[in-house]
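*Asks:* Have a look at the structure that comes next, please.
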Amino acid sequence: MKKWLRRHETYVFLVIVLFSIIITSQNASFLTLENLFDLLKSYSFLGILAIGVLFVLISGGIDISFTAVATVAMYVMAIATIQYGGNMLTAFLIACSVGVALGLINAVIIYVFNIHSIITTIATLNIFYGVLTVLSGGKWIYGFPTWFREFADRRVLTLTNEAGVQYGLSTITLIWLAILIMAWVILRYTTLGRGLYAMGGNPDSAARVGFNIFRLQMFVYAFMGFLAGIAGVIQALLVQTVAPNSIVGKELDVLAAVVLGGASLFGGTGTLLGTMLGVALIAVMSNGLTMMRVPSFWYNVFIGLIIIISVSASAYRRRQRERRMIAVEAE
Amino acid sequence: MFSREYSESLTLGLVMVGVLLLMWLLNGSQFVTIGNLQSMAFQLPELGILSLAMMITMLTAGINLSIIASANLCGIVTALILTRYVTPETAGAETMALVVLAIAAGLLTSVIIGLLNGALIAIVDVSPILATLGTMTLLNGVAIVVTKGYVISGLPEPVRFIGNGVVLGIPTPMIIFIVCAAVMALLLNRTRLGVNIYMIGSNPTACYFAGVNNAAVLMKTYLISGLYAGIAAIIMISRFNSAKADYGESYLLLTVLASVLGGTSAAGGFGKVSDLVIALIILQLVSSGLNLLQISNFLTLAIWGIILISVMVVNHVTQQYRERRVTA
């Protein structure tokens, strides 16, 4: 019990439960399977990007450029798919290769020239996005093939509500789940995953115990790019159009979700459970406000307050912990 | 041969001359006309003052992600007072008094925001990027709630002068920027607070044990940062002749880009106002030059990114070269 109380995740979970109770008391259709499946589908995009950002934060870096990477991947995928056809697998393969390539560019600049990751990725965000917008002329892309449109509506599990409308667990949610399991295995059971925590905690020590820092960096930014590629395809699936400005500008929203989940910007800490709870908190908040008929312009006020309270609480608990440690040392 | 800072300033100066010559070459004589110089002098101050607001927090190894959101909120406060109380019937003197009052209210808002950021960072001990990420979202939210997402437009004439007027051939926003930059330079180089700001950025623990009240210095840093965002807000609403919750959002990452290009270290402790001004001039030359060639603004963004990485690479290589010579 005491162990649970010390964890950030517990508090986020309690807040989600509290919000859910309040929202349900106002509008009973919040706590239905239909709404849940709906949220799980529409928040796959944020959820997948959040996993990538978590990896980068654990490794002690930060990535701002992933929104531009996702946009570029989405564009290349859309043009190739519409021009040459293909199937869902090739669409994902194309987008992910683009994502990995751009991620590797970030990693090389950060490592070889020793430039801080936030600065590198702010620069590459502008470069990727700028070049894309110039080359594409800022045009929107419509007219995906039929199979692409059908895939977006495919469900693993189909139910029918009282009004006769079908709903269910979307395939897109399964992709999110698969990535989540993969990420969990990497972080928990592989040397690679432990290396990320080690590097985030202290890069010099990690290098001395034998971790290849350059390889870890390459992996983490390539993985972020890979997930940005997948997220780009999912965004295209969800809205069925490709616009140059539909993703760029959301980078700090994703960062906020990960931070709400308790990941630290100093590296070496952060859990997938926390990150997913952070995404869930944002999903419940924004969906709940709509359900309670609160005008949507109140949304940022609530999210802002929650971020401030959450980071203040973490800071307070960190200081308490430090104080305890100093007291122990003094004895 | 050269100290690190001197060599970085030199690189930056060379880039500026190079960019100037290149743009001159590409555009011909139309690049150095009075009209073009003046339009550059109108455009630079907004990003310039916001970059000063960003830079001072980066010197303490912090960051202020909330500057654009605070600027918009301050602009909205000022614009709301102006549009509500200044009518065509109000007399000259009364209008002036209301304008001064409205601007004072806007700047007061920015000071309060600065204190809020400062309190979260200095007293609650939240890391600056998280604290200001939170206040950024909150302030943006408040701005949307206050305006319901609409534009507040139609400001009285004296306010429009601030952003669009010309005094002795120099645009008023440029004069305000020069004053802001000079004050910032004096503050950083000639006052105790300035020295403490650099010290906190280099080593907060050493600074604390040297008898500096770190919390007070950080409070003042974020207060000044907020105030500068407020000043930028007044210029912004005056130039747009309106205020809105989401103006200038793309400026946020650009202020970091400008600061870093100007030699400000993200790890804190290093950075000079003069280099930041050179960096801003480089960015403005590229932007105006490409604009005259009718090249897309987005390519300008890409080129700004490329310049930033190139300058960082050159600095890294020269520093390694110097280190190797020292060890040899």
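The values are calculated or read from the model by the stated rules, or taken from the named source; none is laboratory data. Please read all numbers here as calculations on a predicted model, not as lab measurements. Glycine gets a Cβ as well: all are built from the backbone with ideal geometry, and neighbour counts include every protein chain shown. For the accessible areas, the whole protein counts, side chains as well, though only heavy atoms, and no ligand, DNA or RNA atoms are used. Shrake-Rupley method; radii C 1.70, N 1.55, O 1.52, S 1.80 Å.
*Asks:* Determine the share of the range B:4-316's accessible area contributed by carbon and sulfur atoms, expressed in whole percent, with a 1.4 angstrom probe. If you can, show how the numbers build up before the last one.
*Replies:* Values: 8570 of 12310 Å².
Summing carbon and sulfur atoms, their accessible area is 70 percent of the total for the range B:4-316.
*Asks:* Select from B:199, B:150, B:35 the residue farthest towards the positive end of the dipole of the range B:4-316; place +1 on Cβ of Lys and Arg, -1 on Cβ of Asp and Glu, and compute about the Cα centre.
*Replies:* Farthest towards the positive end: B:199.
*Asks:* Moving on to the next point. With +1 on each Lys and Arg Cβ and -1 on each Asp and Glu Cβ, how big is the dipole of chain A about its Cα centre, in debye rounded to the nearest 20? All intermediate terms of the calculation are to be shown ahead of the outcome.
*Replies:* On the way: 21 positive and 13 negative charges, 148 e Å.
Value, rounded to 20: 720 debye.
*Asks:* With the solvent-accessible surface defined on protein heavy atoms using a 1.4 Å probe, which residues belonging to the range B:291-321 display a reduction of at least 10 Å² in accessible area in the multichain context relative to the isolated chain?
*Replies:* Residues meeting the cut-off: B:296, B:298, B:299, B:301, B:302, B:305, B:306, B:308, B:309, B:312, B:313, B:316.
*Asks:* Can you classify the range A:151-196 as rounded, prolate or oblate using the Cα gyration tensor, where a ≥ b ≥ c are the square roots of its eigenvalues, rounded means a/c under 1.5, and otherwise it's prolate if a/b beats b/c and oblate if not?
*Replies:* prolate
*Asks:* At a Förster radius of 30 Å, what calculated FRET efficiency corresponds to the Cβ-Cβ distance of residue A:150 and residue A:27, to the nearest 0.05?
*Replies:* Values: r = 32 Å, r/R0 = 1.07.
The calculated FRET efficiency here is 0.40.
*Asks:* Regarding the protein assembly as shown, what are the three Cα extents along the principal axes, ordered largest first, in Å?
*Replies:* If we take the Cα atoms of the protein assembly as shown, the spans are 74, 74, 63 Å.
*Asks:* May I pose another question? How much accessible area per residue does the range B:1-60 have, in Å², with a 1.4 Å probe? Each step should come with its number before you reach the end.
*Replies:* Details: 2720 Å² over 60 residues.
Per residue, the range B:1-60 has an accessible area of 45 Å².
*Asks:* Among A:256, B:77, B:273, flag the residue with its Cα farthest along the positive direction of the charge dipole of the protein assembly as shown, charges on Cβ as +1 for Lys/Arg and -1 for Asp/Glu.
*Replies:* Checking the options against the dipole of the protein assembly as shown, the answer is A:256.
*Asks:* Looking at chain A, which longest stretch skips every one of the trypsin sites (Lys or Arg not before Pro) that is in a DSSP loop with at most 12 other Cβ atoms within 10 Å, leaving the sites themselves out?
*Replies:* Details: sites that count: A:6, A:139, A:293.
Excluding the exposed sites themselves, the longest stretch runs over A:140-292.
*Asks:* Of the chymotrypsin sites (Phe, Trp or Tyr not before Pro) in the range B:28-124, which ones lie in a loop per DSSP and count no more than 13 other C-beta atoms within 10 Å?
*Replies:* Passing both the DSSP loop test and the Cβ count: no residue.
*Asks:* What order do you get for B:300-309, A:161-170 when each peptide is scored by the mean count of other beta carbon atoms within 10 Å, highest first? Please report the intermediate quantities before stating the final value.
*Replies:* Values: B:300-309: 21.2, A:161-170: 12.5.
For the peptides B:300-309, A:161-170, the packing ranking is B:300-309, A:161-170.
*Asks:* Could you size up the charge dipole of the range A:177-302 around its Cα centre, putting +1 on the beta carbon of Lys and Arg and -1 on that of Asp and Glu, and report it in debye to the nearest 20?
*Replies:* 200
*Asks:* Where does each of B:240, A:55 land when they are ordered by accessible area, with a 1.4 Å probe and the largest first?
*Replies:* Values: B:240 95, A:55 0 Å².
Result of the area sort, largest leading: B:240, A:55.
*Asks:* For A:315-322, what's the mean count of beta carbons from other chains sitting within 10 Å of each residue's beta carbon? It would help to have the intermediate numbers written out before the result.
*Replies:* Working: counts 9, 3, 0, 3, 2, 0, 0, 1.
That works out to 2 on average.
*Asks:* Let me ask something else. Taking each residue in B:249-257, count the Cβ atoms of any other chain within 10 Å of its Cβ, then average. What number comes out? Intermediate results must be reported in sequence, preceding the final value.
*Replies:* Details: counts 1, 3, 0, 3, 9, 2, 0, 5, 5.
Mean partner-chain Cβ count within 10 Å for B:249-257: 3.
*Asks:* Checking the a/c ratio against 1.5 first, then a/b against b/c, what shape does the Cα gyration tensor give for chain A? Mind dumping the intermediate values first?
*Replies:* Working: a/c = 1.86, a/b = 1.12, b/c = 1.66.
Verdict is oblate for chain A.
*Asks:* Which distance in Å, rounded to a whole number, links the C-alpha centroids of the range A:105-149 and the range B:168-244?
*Replies:* 33
*Asks:* Just the number, please: buried accessible area between B and A, total of both chains, 1.4 angstrom probe, nearest 100 square angstrom.
*Replies:* The contact between A and B buries close to 3500 Å².
*Asks:* What value, in deg cm²/dmol to 500, does the helix sum -39500 (n - 2.57) over DSSP H runs of n ≥ 4 give at 222 nm once divided by the residues of the protein assembly as shown?
*Replies:* Values: 28 runs with 494 residues, N = 659.
For the protein assembly as shown, the value works out to -25500 deg cm²/dmol.
*Asks:* Can you figure out the FRET efficiency of residue B:310 with residue A:140, using R₀ = 30 Å and their beta-carbon distance, to the nearest 0.05?
*Replies:* Details: r = 33 Å, r/R0 = 1.09.
That gives a FRET efficiency of 0.35.
*Asks:* Hey, can you rank B:248-261, B:280-293 by average C-beta count inside 10 Å, highest first?
*Replies:* Result, highest mean first: B:248-261, B:280-293.
*Asks:* With +1 on the Cβ of every Lys and Arg and -1 on the Cβ of every Asp and Glu, and nothing else charged, how large is the dipole of the range A:231-331 about its Cα centre, in debye rounded to the nearest 20? Before the final figure, lay out the partial values.
*Replies:* On the way: 8 positive and 5 negative charges, 47 e Å.
Taking the Cα centre of the range A:231-331 as origin, the dipole is about 220 debye.
*Asks:* What does the accessible area per residue of the range B:188-328 come to in Å², with a 1.4 Å probe and no ligands, DNA or RNA counted? Show your work: numbers first, answer last.
*Replies:* Numbers: 6050 Å² over 141 residues.
Value returned for the range B:188-328: 43 Å² of accessible area per residue.
*Asks:* Related question: Based on alpha-carbon centroids, what's the gap between the range B:65-85 and the range A:1-75 in Å, whole number please?
*Replies:* 32
*Asks:* With a probe of 1.4 Å, find how much accessible area the range A:2-330 has per residue, and write the answer as a whole number in Å². All intermediate terms of the calculation are to be shown ahead of the outcome.
*Replies:* Values: 15130 Å² over 329 residues.
With the other protein chains kept in place, the range A:2-330 gives 46 Å² per residue.
*Asks:* So, one more: Which net charge results for the neighbourhood of residue A:50, defined as the other residues with beta-carbon distances under 15 angstrom from its beta-carbon, given Lys and Arg at +1 and Asp and Glu at -1? Mind dumping the intermediate values first?
*Replies:* Details: positive: A:250; negative: A:9, A:63, A:251, A:253.
With Lys, Arg at +1 and Asp, Glu at -1, the neighbours total -3.
*Asks:* I'd like the accessible area for residue A:112, computed on protein heavy atoms only with a 1.4 Å probe and all protein chains in place. Round to 10 Å², please.
*Replies:* 70
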